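Student: Okay, here's the structure, questions in a sec.
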Amino acid sequence: MGRFLLSSLKEAAVVAAATTAAAAGGQSLLGSIKIAVLPVAKVFTLCFLGFLMASKYVNIFPANGRKLLNGLVFTLLLPCLIFSQLGQAITLHKMLQWWFIPVNVFLGAVSGSIIGYVVVTLVKPPYPYFKFSIIQIAIGNIGNVPLVLIAALCRDTSNPFGDTETCSTQGTAYISFGQWICMYVGAIILYTYVFHMLAPPPEGTFDNEDGNVPLKIPQKDGSPENVPLLEQEASSMDSDNSNKGKILAMVIGAVPVLKKIIFTRDAPLYFFTDSCIILGKAMIPCILLALGGNPVDGPGPGSSRIGVRTLVAIIIGRLILVPPAGLGIVTLADKLGFLPADDKMFRFVLLLQHSMPTSVLSGAVANLRGYGKEAAASLFWVHIFAVFSMAGWIILYLNILF
């Protein structure tokens, strides 16, 4: 009788433990969904407010105002954010540990190009847009969109990466370091591979609405209504101010004496760092308002030129097919010991780099090669659908990492 009672108690304990584990698993899944969806929802809300203010119904955020705000963001606010966050987090040892970040970007461009070639071969877009479509799938936004998402994610106190300050500092440091290193890798990719791929077709193979092939030189009309979607932002990003901020932060962070007198809270020069922190906090809402206001005129005539079939292929290729390849790259690198041990934020940032919409800078290069309106249409639709795809991929990544 005693054995039977003991056996029954053990079975009850096992059942109770299993039930508790199942409930905890359910809560974890719901928690992951919440953590993944809320940052995207915050980003969407701020972008929508920018769109509303720029619309003809409110019209208090015109194109000239957005251009000035973009200039303020990339000239002052973004360098301050990078200086304060990267400088506090980085050391010489960490710079050596983070070597896989530029490799990840390069491998992402290679895998994206292969996927883009396969997708475009199956879809068979109009001849002038074959290579253009490959580029729209292959080259992703590795800088400002991940930066915004990390900031929104870390504001939630229930985020799995630790307290808000640690999460934000580490995430911003990884992305900023990646931006600085990949400035050179990305420039090589953009102005060799992308520029070559977007060469206009031979004369007579394609007629646009004006009866001409795409021009090698963009139109001189720079009025706001004729500037392709997001081109103003791309031109602002060409400024080297943010790059100077990254270099300065890395130099100071790598020298212990300088780091101690500038980034330590009780240091004599910490007031400068604190001022940069205050200005840096304004970067996220400002860039989101400007980003939301830019597509107020819609995708423009480029959509009809590319065709719905090709646009759908670009969206599916970039947002659905490229991220699994990136997941494979990061998983393999982790298995081979290329990544810092037990640093889940580092892995999360690497995965995000493969899950972003098409790069705005690739759109700027497309404009230089005469595909400005087509690039505007592609960027518009990819960014719209990226709101939903990014939430889904973040849910998956958090469940894999935690």
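The values are calculated or read from the model by the stated rules, or taken from the named source; none is laboratory data. What you see is a predicted model; the values in this text were computed from it and never measured. As a convention, Cβ positions derive from the backbone with ideal geometry for all residues, glycine included, and neighbour counts pool all protein chains shown. The area values use the complete protein model at the heavy-atom level, side chains included, leaving out ligands, DNA and RNA. Shrake-Rupley method; radii C 1.70, N 1.55, O 1.52, S 1.80 Å.
Student: Please verify whether residue 332 is in contact (Cβ under 8 Å) with a residue 40 or more places away in the chain and either aliphatic (A, V, I, L, M) or touching a Phe, Trp or Tyr at 6+ places or on another chain (Cβ under 9 Å) (or both), treating the condition exactly as stated.
Tutor: Values: in contact (Cβ under 8 Å) with a residue 40 or more places away in the chain: no; either aliphatic (A, V, I, L, M) or touching a Phe, Trp or Tyr at 6+ places or on another chain (Cβ under 9 Å) (or both): yes.
No: the conditions fail for residue 332.
Student: All but one of (1) of a type outside the set (Asp, Glu); (2) surrounded by fewer than 24 Cβ atoms within 10 Å (Cβ to Cβ); (3) at pLDDT 85 or above hold for residue 157; state the number of the condition that does not hold.
Tutor: The number of the failed condition is (3).
Student: Okay, next question. Is it the case, given these coordinates, that residue 135 is surrounded by 21 or more Cβ atoms within 10 Å (Cβ to Cβ), part of a helix (DSSP H, G or I) and at pLDDT 85 or above?
Tutor: yes
Student: May I pose another question? Do we have residue 326 as closer than 20 Å to residue 176 by Cα, modelled with pLDDT of 90 or more, in a helix (DSSP H, G or I) and not hydrophobic (A, V, I, L, M, F, W, C) here?
Tutor: Considered against the rule, which asks whether it is closer than 20 Å to residue 176 by Cα, modelled with pLDDT of 90 or more, in a helix (DSSP H, G or I) and not hydrophobic (A, V, I, L, M, F, W, C), residue 326 comes out as yes.
Student: Residue 83 - would you say it is over 30 Å from residue 314 (Cα atoms), at pLDDT 75 or above and open to solvent by less than 20 Å² (accessible area, probe 1.4 Å)?
Tutor: yes
Student: May I pose another question? Would you please list the contacts, defined by Cβ atoms under 6 Å and residues six or more apart or on different chains, that run from a residue in segment 147-164 that is without any contact (Cβ under 8 Å) to a residue 12 or more places away in the chain to a residue that is surrounded by 23 or more Cβ atoms within 10 Å (Cβ to Cβ)?
Tutor: Within 6 Å, the pairs are 164/154.
Student: Now for a separate question. If residue 166 meets every condition in (1) touching a Leu at 6+ places or on another chain (Cβ under 8 Å); (2) surrounded by fewer than 22 Cβ atoms within 10 Å (Cβ to Cβ) apart from one, which number is that one?
Tutor: Here residue 166 meets the rest and fails (1).
Student: Are any of the residues in segment 236-252 modelled with pLDDT of 80 or more, surrounded by fewer than 21 Cβ atoms within 10 Å (Cβ to Cβ), more than 22 Å from residue 365 (Cβ to Cβ) and out of contact with any Pro (no Cβ under 6 Å at 6 or more places or on another chain)?
Tutor: First, the residues of segment 236-252 that are modelled with pLDDT of 80 or more: none.
Among the residues of segment 236-252, not one is modelled with pLDDT of 80 or more, surrounded by fewer than 21 Cβ atoms within 10 Å (Cβ to Cβ), more than 22 Å from residue 365 (Cβ to Cβ) and out of contact with any Pro (no Cβ under 6 Å at 6 or more places or on another chain), which makes the answer no.
Student: Would you confirm whether or not segment 88-106 contains a residue that is open to solvent by 20 Å² or more (accessible area, probe 1.4 Å) and among the hydroxyl-bearing types (Ser, Thr, Tyr)?
Tutor: The answer is yes, given that some residue of segment 88-106 is open to solvent by 20 Å² or more (accessible area, probe 1.4 Å) and among the hydroxyl-bearing types (Ser, Thr, Tyr).
Student: Also, quick follow-up: How many residues does segment 277-300 contain that are farther than 19 Å from residue 60 by Cα, open to solvent by less than 60 Å² (accessible area, probe 1.4 Å) and out of contact with any Pro (no Cβ under 8 Å at 6 or more places or on another chain)? Don't jump to the end; show me each part of the working.
Tutor: In the first step, residues of segment 277-300 are kept if they are farther than 19 Å from residue 60 by Cα; the result is 277-284, 299-300.
If we keep only those that are open to solvent by less than 60 Å² (accessible area, probe 1.4 Å) too, we end up with 277, 280, 282-284, 299-300.
Among the residues that remain, those that are also out of contact with any Pro (no Cβ under 8 Å at 6 or more places or on another chain) are: 277, 280, 282-284, 299.
Looking only at that region, the number is 6.
Student: Kindly establish whether residue 363 is closer than 24 Å to residue 198 by Cα, outside any helix (DSSP H, G or I), at pLDDT below 90 and in contact with a Leu (Cβ under 9 Å, 6 or more places away or on another chain).
Tutor: no
Student: Write out, first by first residue and then by second, each pair whose Cβ atoms fall under 6 Å of each other, whose residues are 6+ apart or on separate chains, and whose first residue, in segment 41-62, is assigned to a loop (DSSP other than H, G, I, E, B) while the second is crowded, with 18+ Cβ neighbours inside 10 Å and among the aliphatic types (A, V, I, L, M).
Tutor: Hits for this filter: 55/296; 60/53; 61/53; 61/54.
Student: Among the residues of segment 81-96, which ones are under 20 Å from the mean Cα position of the chain (by Cα) and farther than 17 Å from residue 167 by Cβ?
Tutor: Selection gives 83 alone.
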